[in-house]
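*Asks:* Structure provided below as structure tokens; questions to follow.
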Amino acid sequence: MGTPAQGSDDGSAGTSGGGDGRPLLVSFPDGALAAEVGVRLVGADASGGDDALPGVEAVLWDLEEPPSTINPAARERLSTVVLPYHGQPAAIGSLGDLPSLRVVQTQTTGYDAVAPHVPDGVRLLTAAGAHDAGTAEIAVALLLGVVRRLDEAVRDAAEGRWRAPDGLRQGLAGRRVLVLGAGGIGDAVVRRLVPFEVDVVRVATRARTDDLGPVHAFDELPDLLPGADALVLAVPLTDATRGMVDAEVLAALPDGAVVVNVARGPVVDTDALVAELRAGRLRAGLDVTDPEPLPADHPLWSLDGALVTPHVGGATDAMRPRVVALLRRQLRALVAGDDLENEVG
């Protein structure tokens, strides 16, 4: 159930964060996050600790109920909404009912599910950077798990079966890994892969060279795929990337190649991937799927060569303090009129 604003709305904090002599009013999905960021709730004791943010106060709104559950005076003033981290809140479509809304801040890197609900003229900010470490970790874990066939070992363990391989099996060292996406997450994946003695090839929208080395353009992909032992996807979901990894792309990968998706499920044509897995030609490690959640009877759960985790890549205990630090920076910038981070578009 949505949480209404607490207390009265008298603007007693006193600074000009809201642009009208009153504090900037922000909604938080829960009180614990507001407290960690250092923002007091409307009507609460104005005294705060040394870490309290000046010129900012908060109401609680988890977007599971419409804005009508917020104190009416606060609803009229509310200019910044911090979205919940998990799921698609029921009232996400009601953002347009807030007359003073100027900024929507996600706690996620991806924004494809949010953007359609953000009214024209409202700035959408993401939490890009806060999830890089966790998502890169699971990308490497999935890649290692599939290459070293840990999925098979787990299934064998459930049956108490010891199945030693005949001869040598594939390892990661000496392989070529193609990473699609040269943003925060893609670069974090690259930094973690290099110590495994792999040849990392990076691909992004445009060709360039940066501090991690050369980046190839997407239009070079057909020439790069046949030489890749693994393809790691770390791109945002956009019109350009939706369905990018289709049957043609998958067919261009060599036999035995591994596809790892930590981007968004619809970046991959699921039916085409299932066909390759059924044929035993490719293997896959997936933290995101299409559809999502993955139905219990979906073939990806049971196909040999598929290792699936339930979209948990960024959700590590390293994420929360990074989100808190980002929110503090964003709110300070809003009060001061400075540039904001991670603005979409």
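*Asks:* Near SER302, within a Cβ-to-Cβ distance under 15 Å, what is the net charge of the other residues, with Lys and Arg +1 and Asp and Glu -1?
*Replies:* -3
*Asks:* Now, a different point. Would you mind pulling out the separation of the Cα centroids of segment 201-238 and segment 285-328, in Å?
*Replies:* Comparing the Cα centres of segment 201-238 and segment 285-328, I get a distance of 22 Å.
*Asks:* Using the crude model of +1 on Lys and Arg Cβ and -1 on Asp and Glu Cβ, and no other charge, please compute the dipole size for segment 263-337 relative to its Cα centre, in debye to 20.
*Replies:* 700 debye
*Asks:* Next up: What is the gain in length, in nm to one decimal, between ASP210 and VAL344 on full extension, counting 0.36 nm per residue of separation less the C-alpha to C-alpha distance?
*Replies:* Gain on stretching ASP210 to VAL344: 46.0 nm.
*Asks:* Continuing with this model, one more query. Counting only protein heavy atoms and a 1.4 Å probe, tell me what percentage of the chain's accessible area is made up of carbon and sulfur. Don't jump to the answer; show the numbers that get you there.
*Replies:* On the way: 8180 of 15960 Å².
Summing carbon and sulfur atoms, their accessible area is 51 percent of the total for the chain.
*Asks:* Which longest uninterrupted range of the chain lacks any GluC sites (Glu not before Pro) assigned by DSSP to a loop state (not H, G, I, E or B) and surrounded by at most 13 other Cβ atoms within 10 Å?
*Replies:* Values: sites that count: GLU159, GLU197.
Counting only loop sites that pass the neighbour cut-off, the longest clear stretch is 1-158.
*Asks:* Amide H of VAL308: which non-local residues (sequence gap of 5 or more, or other chain) have their own amide H closer than 5 Å, using H built in the peptide plane?
*Replies:* When sequence neighbours closer than 5 places are left aside, the close amide H contacts are LEU286.
*Asks:* A further question on this structure: Amide H to amide H, which residues 5 or more places from ARG202 or on other chains are under 5 Å from it, using H placed in the peptide plane?
*Replies:* For ARG202, the qualifying residues are VAL179, HIS216.
*Asks:* Using a Förster radius of 51 Å, what is the FRET efficiency between LEU150 and SER100 based on their Cβ-Cβ separation? Nearest 0.05, please.
*Replies:* The value I calculate is 0.50.
*Asks:* Out of LEU168, LEU180, LEU282, any idea which swings most in a Gaussian network model of the chain, alpha carbons joined below 10 Å?
*Replies:* LEU168
*Asks:* Pop out the ³J(HN,Hα) list for segment 75-91 in order, Karplus 6.51 cos²θ - 1.76 cosθ + 1.60 with θ = phi - 60°, rounded to Hz; leave Gly and Pro as x.
*Replies:* Here the 3J(HN,Hα) series is 4, 5, 8, 4, 10, 9, 10, 9, 7, x, 6, 8, x, 10, x, 4, 9 Hz.
*Asks:* Can you run phi through the Karplus equation (6.51, -1.76, 1.60; θ = phi - 60°) for segment 229-242 and list ³J(HN,Hα) in whole Hz, with x for Gly and Pro?
*Replies:* Calculated HN-Hα couplings, in order: 7, 8, 10, 10, 9, 9, 10, x, 7, 9, 4, 6, 9, 4 Hz.
*Asks:* Taking the chain as a Gaussian network, where each spring joins two C-alpha atoms under 10 Å apart, which residue of ASP223, ASP199, ASP132 fluctuates the most?
*Replies:* ASP223
*Asks:* Around ASP62, which amide H atoms from residues at least 5 apart in sequence, or from another chain, sit under 5 Å from its own amide H, with H modelled in the peptide plane?
*Replies:* THR3
*Asks:* Between the helical axis of 184-193 and the dominant principal axis of the chain, each derived from Cα atoms, what acute angle in degrees is found, rounded to the nearest 10?
*Replies:* Tilt relative to the chain: about 40 degrees.
The values are calculated or read from the model by the stated rules, or taken from the named source; none is laboratory data. What you see is a predicted model, and the numbers here were worked out from it, not measured in a lab. Glycine gets a Cβ as well: all are built from the backbone with ideal geometry, and neighbour counts include every protein chain shown. Note: accessible area is taken over every heavy atom of the protein model, side chains too, but ligands, DNA and RNA are not part of it. Shrake-Rupley method; radii C 1.70, N 1.55, O 1.52, S 1.80 Å.
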